[in-house]
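Below is one structure; the comments refer to it alone.
The values are calculated or read from the model by the stated rules, or taken from the named source; none is laboratory data. Just so you know, these numbers come straight off a predicted model, no measurement behind them. Here Cβ is always computed from backbone atoms with ideal geometry, including for glycine, and neighbour counts include all displayed protein chains. To get the accessible areas, we keep the full protein, side chains included, count just its heavy atoms, and leave off ligands, DNA and RNA. Shrake-Rupley method; radii C 1.70, N 1.55, O 1.52, S 1.80 Å.
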Amino acid sequence: MSAFPAARKVTPDELELIRQMSKAGSAPKTILATLRQQNPQTHVISRDISNIKARLRGEERNGRTPYSFANAVIQLLAQHEALPPHQQRLLEEQVAGLSQQTLAPVQNPVA
């Protein structure tokens, strides 16, 4: 029965645990181990946790792609003059070089 996704629904408590551990940078396997310690009867698998983490990241970006989200952050920083113009251009170039699937951390953006 647990092979079916409908049987692997997470409870609100489990979702909150996944959210907190994801923000802390925990891997899906670690989160799964913690879930199973708290509730040995859970049918959640590691792939479910990965999917939930991806959905949470999308919610944090308000549904934007990583590329458009990074551009919005750069524009917001520029509007509030948190970045000098030369650093803004540097960040824009770095973001333009990223693929839409991955968003690598920018090295020392405000230094």
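General remarks:
- Among VAL44, GLN20, PHE4 - extreme Cα towards positive end, dipole of segment 1-93, charges at beta-carbon: PHE4
- Coil-residue GluC sites (Glu not before Pro) of segment 1-69, DSSP, other Cβ within 10 Å capped at 13: none
- Exposure ranking of VAL10, VAL44 by accessible area [1.4 Å probe, largest first]: VAL10, VAL44
- Within segment 9-65, trypsin sites (Lys or Arg not before Pro) in DSSP loop having at most 16 other beta-carbon neighbours inside 10 Å: LYS9, ARG61, ARG64
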